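The values are calculated or read from the model by the stated rules, or taken from the named source; none is laboratory data. Fair warning: this is a prediction, and the values are worked out from it, not measured in the lab. Cβ placement follows ideal geometry from the backbone for every residue including glycine, while neighbour counts extend to all protein chains displayed. Surface areas here come from the heavy atoms of the whole protein model, side chains and all, with no ligands, DNA or RNA. Shrake-Rupley method; radii C 1.70, N 1.55, O 1.52, S 1.80 Å.
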Amino acid sequence: MTQNYQDILEDIYHETRPLLGQGRVADYIPALAQVDHSKYGIAIETLEGKSYQVGDANIPFSIQSISKVFLLSMVIRVLGKKLWSRVGREASGTAFNSLVQLETEHGIPRNPLINAGALVVSDCLCTFSPQPLRHLLEFVRELSSNPQIQYDSLIANSERKFGHRNAALVHFMKSFGNIKNDVDEVLNIYFHQCALMMSCVDLARAFLFLANEGIHPHTQEALLTPSQSKRVNAVMQSCGFYDESGEFAFTVGLPGKSGVGGGIVAVVPKRLSICVWSPELNAKGNSLVGMKALELFTTKTGISIF
Ligand code: GLU
């Protein structure tokens, strides 16, 4: 079906702008609270190589938990199925930084997209990569074809200073033997991945390989096997939106991942990826405007995986 994505994006943008002001910017990491609340952008990148943008689609922002998908992809590529002995793939039904399930589940996090799971995945990267932060940066730069992407060290330091819960999670899992490396090294990787600065355009490009069965659409390099790509999409579908993953499946119907910086990326298999950024969050920690924009996108286009 041919769609006029540019017109659709502009309609969505104007229809949702009145919602700005209704959410709250994340302030539990002080450096994140500095962001301009009124920023709002959307970008689409298609497998045919077309780009569509509206609003602040080229401004880099803190991608926060969206980075968990990059880490997961890097690690699944090397460890394959072995990863699943260290982390589950079931929705947690709890907040992203919750400690409650870890004790009864013996230090095995429910899935790789909650903080505990991403800390285990960071630990795996630390084991096989001699320079994990450089490796991650090269990976996202290659995915988005943007060599300018950087970590924001102010945000990473702010995360470190106020990340007591993440420190608790990693120490707790270490006590169960599910963290193999030094806890400070693992936390350093985790805090930096959250502090990656990317725009909607960068993110939409970077997720396109997940719409393309794991193949980089420009270089044609197989980054993941089709089966691994399917599994990363499946985990996004069931666990990508904290305790609102069911709601996102219900109202939007696409695999995706959000971050507390207000970004959301979603994938339309074999077609495109779309990223929305609006920093104000709803009560569940997802971008309030972003959720609505993506709901309107699948409603207006009739696109969904279901
Ligand atoms: N850096 C954030 C934290 O660990 C990530 C939160 C998120 O985007 O889910 O608290």
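Count of region 25-37 residues, restricted to those that are within 14 Å of the ligand (Cβ to nearest atom) and touching a residue at least 60 places away in the same chain (Cβ under 8 Å), is 8. The requirement of being modelled with pLDDT of 95 or more, open to solvent by 10 Å² or more (accessible area, probe 1.4 Å) and within 25 Å of A26 (Cα to Cα) is not satisfied by L254. Check whether at least one residue in region 59-77 is in a helix (DSSP H, G or I), under 25 Å from L136 (Cβ atoms), open to solvent by 30 Å² or more (accessible area, probe 1.4 Å) and within 16 Å of the ligand (Cβ to nearest atom), and report yes or no. Among the residues of region 59-77, not one is in a helix (DSSP H, G or I), under 25 Å from L136 (Cβ atoms), open to solvent by 30 Å² or more (accessible area, probe 1.4 Å) and within 16 Å of the ligand (Cβ to nearest atom), which makes the answer no. From the list I215, I179, the one residue that fits, being within 16 Å of the ligand (Cβ to nearest atom) and either touching a helix residue (DSSP H, G or I) at 6+ places or on another chain (Cβ under 6 Å) or β-branched (V, I, T) (or both), is I179.
For the residues V120, V140, V78, the requirement of being more than 20 Å from K174 (Cβ to Cβ), within 17 Å of the chain's Cα centre (by Cα) and touching a residue at least 24 places away in the same chain (Cβ under 8 Å) singles out V140.
Checking M236, M197 one by one, the residue that is at pLDDT 95 or above, within 16 Å of the ligand (Cβ to nearest atom) and within 15 Å of S273 (Cβ to Cβ) is M236 and no other. The residues of region 87-107 that are over 17 Å from Y190 (Cα atoms) and either open to solvent by less than 20 Å² (accessible area, probe 1.4 Å) or assigned to a loop (DSSP other than H, G, I, E, B) (or both), listed by number, are G88, R89, E90, A91, S92, G93, T94, A95, L102, E105, H106, G107. In region 280-306, of all residues being within 24 Å of S229 (Cα to Cα) and hydrophobic (A, V, I, L, M, F, W, C), the one that is most open to solvent (accessible area, probe 1.4 Å) corresponds to F306. Helices (runs of 4 or more DSSP H) fully within region 154-249 that include at least 2 residues being touching a strand residue (DSSP E or B) at 6+ places or on another chain (Cβ under 9 Å) and buried (at least 21 other Cβ atoms within 10 Å of the Cβ): 183-194, 200-206, 208-211, 226-239. Within region 38-58, take every residue that is within 20 Å of the chain's Cα centre (by Cα), of a type outside the set (D, E) and over 23 Å from H218 (Cβ atoms) and give me the one that is farthest from the ligand (Cβ to nearest atom). Once the filter is applied, the top-ranked residue is Y40. The set of residues in region 267-279 being in contact with a Gly (Cβ under 7 Å, 6 or more places away or on another chain) and either open to solvent by 10 Å² or more (accessible area, probe 1.4 Å) or away from the ligand (no atom under 16 Å from the Cβ) (or both) consists of V267 alone.
When the test is whether a residue is over 28 Å from I44 (Cβ atoms) and more than 12 Å from the ligand (Cβ to nearest atom), L143 does not pass it. Residues in region 13-57 that are out of contact with any Phe, Trp or Tyr (no Cβ under 6 Å at 6 or more places or on another chain) and under 18 Å from V267 (Cβ atoms): I42, A43, E45, T46, L47, E48, G49, K50, S51, Q53, A57.
With respect to (1) under 17 Å from F96 (Cβ atoms); (2) more than 16 Å from the ligand (Cβ to nearest atom), the lone exception for D243 is condition (2). Residue pairs whose Cβ atoms lie under 9 Å apart, separated by 6 or more positions or on different chains, with the first residue in region 92-108 and closer than 12 Å to N178 by Cβ and the second more than 15 Å from the ligand (Cβ to nearest atom) and among the charged types (D, E, K, R), are G107/K174; I108/R86. Selection within region 115-137: residues that are open to solvent by 20 Å² or more (accessible area, probe 1.4 Å) and not in a helix (DSSP H, G or I). The member of this set that is farthest from the ligand (Cβ to nearest atom) is P130.
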